[in-house]
1. Give the residue that is farthest from the chain's Cα centre (by Cα), with candidates limited to residues of the range 127-144 that are surrounded by 10 or more Cβ atoms within 10 Å (Cβ to Cβ) and closer than 27 Å to residue 98 by Cα.
2. Strands (runs of 3 or more DSSP E) wholly in the range 125-234 with at least 2 residues that are more than 18 Å from residue 258 (Cα to Cα) - which ones?
3. Do you know which of the residues in the range 196-213 that are over 23 Å from residue 176 (Cβ atoms) and touching a strand residue (DSSP E or B) at 6+ places or on another chain (Cβ under 6 Å) is surrounded by the fewest Cβ atoms within 10 Å (Cβ to Cβ)?
4. Looking at the range 53-95 only, could you name the residues that are in a loop (DSSP other than H, G, I, E, B) and at pLDDT below 75?
5. Which members of the range 277-288 meet the condition of being at pLDDT below 95 and in a strand (DSSP E or B)?
6. Name the residue, out of 231, 182, 172, that is over 52 Å from the mean Cα position of the chain (by Cα) and either surrounded by fewer than 17 Cβ atoms within 10 Å (Cβ to Cβ) or modelled with pLDDT under 95 (or both).
7. Could you please find all residues in the range 261-274 being surrounded by fewer than 20 Cβ atoms within 10 Å (Cβ to Cβ), at pLDDT 95 or above and over 14 Å from residue 174 (Cα atoms)?
8. Check off (1) under 27 Å from residue 217 (Cα atoms); (2) at pLDDT below 85; (3) surrounded by 10 or more Cβ atoms within 10 Å (Cβ to Cβ) for residue 160 and give me the number that stays unchecked.
């Protein structure tokens, strides 16, 4: 009887060889020595994000400067990922923080160091009157020469600047004294303009008796009898009280001199009367 001997075929050989390699490869992989696979054994792109276990990469495993801006994906770093004090001025490049990147109310006064905001850092028109608190600007905060006439509102310097053409000054005056009977007495006084005229008036002051008559130069006491009037270049003295005077109007009150600063006056008491004599009223001057 013949012994049965299987015949080798190409298919048998290939199948046996594949089984050997498969079993041998698994055995080799299972038997790798510890730490035998390092960075040099990994081909480029072998370690992908999917191959990295969650939380496997910690801060301690990242080399200094390993993560640069080009390696960060969109929104990879959010405010919640940054610890307090991590980003300081040394880590911010020049021009990195612009006005457009700062939210409203992010920079408050308590975040500014003393003297951090200087004049050179303020844009033109940055500080307006509505940005200043009440009493914020004191004399101590004004530099020498910072307040000039050009920076003051009109009429602030009226006490030193000459009265402008067409402007009118007004005021009150009163002269008087006490005298004995059958004696002569006079009272002397002056009217000082709050603001000087540019030049001396062309004519002396006009004395208007109580109740008038008024003149073209001195047309009256105006609204409410308290707004005395004077045409340009005239000085008008209106009497509203005449008590025990020697005469009325110009006979009782005379002007002794008129110039750009004011008028000097004399009031004469009635010679036959005894006691007080008074001359008072209103005045006006309009710059020519």
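The values are calculated or read from the model by the stated rules, or taken from the named source; none is laboratory data. Just so we're clear, the structure is a prediction, and the values are computed from it rather than from any experiment. Neighbour counts run over all protein chains shown; Cβ positions are idealised from the backbone, glycine included.
1. Here the answer is 132.
2. Per the criteria, 168-179.
3. 200
4. Answer for the range 53-95, where residues must be in a loop (DSSP other than H, G, I, E, B) and at pLDDT below 75: 83, 85.
5. Matches in the range 277-288: none.
6. Result of the check over 231, 182, 172: 182.
7. Passing the criteria: only 261.
8. With (1) under 27 Å from residue 217 (Cα atoms); (2) at pLDDT below 85; (3) surrounded by 10 or more Cβ atoms within 10 Å (Cβ to Cβ) applied to residue 160, the lone miss is (3).
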